[in-house]
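Down below is the structure, laid out as structure tokens.
The values are calculated or read from the model by the stated rules, or taken from the named source; none is laboratory data. Predicted model, so just to flag it, every value in this text is computed and none were measured. Here the Cβ positions follow ideal geometry from the backbone for every residue, glycine too, while neighbour counts run over all protein chains shown. Remember, those area values only see protein heavy atoms, side chains included, never the ligands or the DNA or RNA. Shrake-Rupley method; radii C 1.70, N 1.55, O 1.52, S 1.80 Å.
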Amino acid sequence: MSDLLRLDATALALIAHDVAAVSDTDLDAPTPCAGWTVADLMSHMNERHEAVIASVLAPIGDHADNPRDDFARTAARWVVAMEQTGDVVHLPQRGPLATVTVLSIHFVDMLVHRWDLSRALSRPCPVPDRLTALALPIARSITAPGSALNGPDGVYRPPVEPDQPLPVLDAIAALLGRDPHWEPRRLVPGRTQQAINHGKG
């Protein structure tokens, strides 16, 4: 296993640990990803992982009743696929891309999606300083002006300019278009979460 894949697998293991702790009642909680619940976030990760994995490994036919219970298996399949793919990964709709580039982007994505999940559930998100120190310059690179990843056809929202100094992981999330100060709306008597999300009630 290369050092970069080992780094990516570490970020993936961190979020897999947190996903395993998600309860059934947590699945409908809103996240910093506009319009997405926790279940939507996990489904997105599973689907994107399997779409890439399919270029290397045979697809799987059986799936759990919710995305939480599929995540650990999909994460393990990702690591195996990245070990076997060689120097190039064939991405759906984007074509071939250097494996080192895919792993670098995925490493940052997993840290930020873990931040999304932690914010959604108001849980701590400790990350070793070594990981955030490596992730920050990657995040700056992939969201810099001219990057195909945050252009009109990109995968990220425009970076959010912080109004004050931020912890490193919050700064990385802001680079990938998250509001670093986002927190879940709190329920008040007589209002449902759905009503709050839509500004009604």
Treat each spin label as a single point 7 Å out from the Cα along the C-beta direction, and report the Leu57 to Arg140 distance in nm. 3.5
Just one of [x] 19.9, 77; [y] 17.1, 56; [z] 19.3, 66 is Rg and Dmax of the Cα atoms in Å as worked out from the coordinates here. Which one is it? [y]
Note the angle between two axes, namely the Cα long axis of helix 3-20 and the longest principal axis of the Cα atoms of the chain, as a number of degrees from 0 to 90, rounded to the nearest 10. 30
Under a point spin-label approximation (7 Å from Cα along Cα-to-Cβ), what is the Ala133-His17 distance to one decimal in nm? 2.0
Report the one residue of Ser141, Ser23, Thr101 whose Cα lies farthest in the direction of the positive end of the charge dipole of the stretch 19-153 (charges on C-beta: Lys and Arg +1, Asp and Glu -1; origin at the Cα centre). Ser141
Nearest-20 debye value, the chain charge dipole, Cβ charges on Lys, Arg, Asp, Glu: 380
Got a number for the accessible area of His113? Probe 1.4 Å, square angstrom, nearest 10. 20
Where the centre of each part is set by its Cα atoms, how far does the stretch 1-44 sit from the stretch 91-167, in angstrom? 14
Sorted by chain and number, the residues with a modelled amide H under 5 Å from that of Val88, at a separation of 5 or more or across chains, are Thr99
With R₀ set to 22 angstrom, the calculated FRET efficiency between the beta-carbons of Ala72 and Ser2, to the nearest 0.05, is 0.50
Helix 67-84: angle to the longest alpha-carbon principal axis of the chain, degrees 0 to 90, nearest 10? 20
Consider a paramagnetic label point 7 Å from the Cα of His44 along Cα→Cβ; state which residues of the stretch 82-112 have an amide N under 20 Å from it. 91-94, 102-112
